[in-house]
Amino acid sequence: TMDVRFAAADTIIFLDVSTFTCLVGAFQRFLRFHGRSRPDVTEGCPERLEREYLTWIRRYRRDRRPRILQKLNELKDEKRVVILTSRHEVREFLKETYTRP
């Protein structure tokens, strides 16, 4: 559905954080919400940490990221493309975005 979502968007924000950051986030969510649904997920979908998911995270930069970056590069002249590479950049982007007059 990436192409459909990109076509509908005027701004695309890509969180291009490290594999380590993604794994830490997955473990933190698991520890915080283990066995129950997170507030941002449909009720009845308890937080789990499965091997397949960890493998997906580990391989993401190699398997999926190149295609996404290529697509974003193709769209940069017609869409606003924002690539954030750290949690710090995400915080700064949100602070800037939500403090504008």
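The values are calculated or read from the model by the stated rules, or taken from the named source; none is laboratory data. Computed from a prediction, not measured in an experiment: that's the story for all the values here. A quick note on method: Cβ atoms are made from the backbone with ideal geometry, for glycine too, and the neighbour counts reach across all protein chains shown. Only protein heavy atoms, including side chains, enter the accessible area calculation; ligands, DNA and RNA are left aside. Shrake-Rupley method; radii C 1.70, N 1.55, O 1.52, S 1.80 Å.
Remarks
- Percent RCO, i.e. relative contact order, over the chain, from Cα pairs under 8 Å lying at least 6 residues apart: 41 percent
- With 0.36 nm allotted per residue and the present C-alpha distance subtracted, the Y60-T11 stretch has 15.4 nm of extension available.
- Between helix 87-99 and the chain: long-axis angle, C-alpha atoms, 0 to 90°, nearest 10: 60 degrees
- In the context of the full set of protein chains, residues of the chain present 79 Å² of accessible surface per residue (probe radius 1.4 Å, heavy atoms only).
- Cross-link partners of K71 among aspartates and glutamates, defined as those whose alpha carbon lies under 19 angstrom from its own and excluding same-chain residues fewer than eight positions apart: D3, D10, D16, D63.
- Counting 0.36 nm for each residue step from V82 to L69 and taking away their Cα separation leaves a gain of 3.6 nm.
- Whether region 7-48 is rounded, prolate or oblate, judged on the alpha carbon gyration tensor where a/c under 1.5 counts as rounded: oblate
- Placing +1 on the Cβ of every Lys and Arg and -1 on the Cβ of every Asp and Glu, with no other charges, gives region 30-92 a dipole of roughly 280 debye about its Cα centre.
- Fraction of accessible area attributable to carbon and sulfur, the chain (%, probe 1.4 Å): 53 percent
- Rounded tilt (10° steps) of 51-63 against the dominant C-alpha axis of the chain: 20 degrees
- Mean Cβ count within 10 Å, highest first, over the residues of peptides 46-56, 1-11: 46-56, 1-11
- Between helix 65-75 and the chain: long-axis angle, C-alpha atoms, 0 to 90°, nearest 10: 30 degrees
- Helix-only [θ]222 nm of the chain, DSSP H runs n ≥ 4, -39500 (n - 2.57) each, per residue, nearest 500: -18000 deg cm²/dmol
- Equivalent ellipsoid dimensions for the chain as semi-axes, Å, which come from the Cα gyration tensor, largest first: 26, 18, 15
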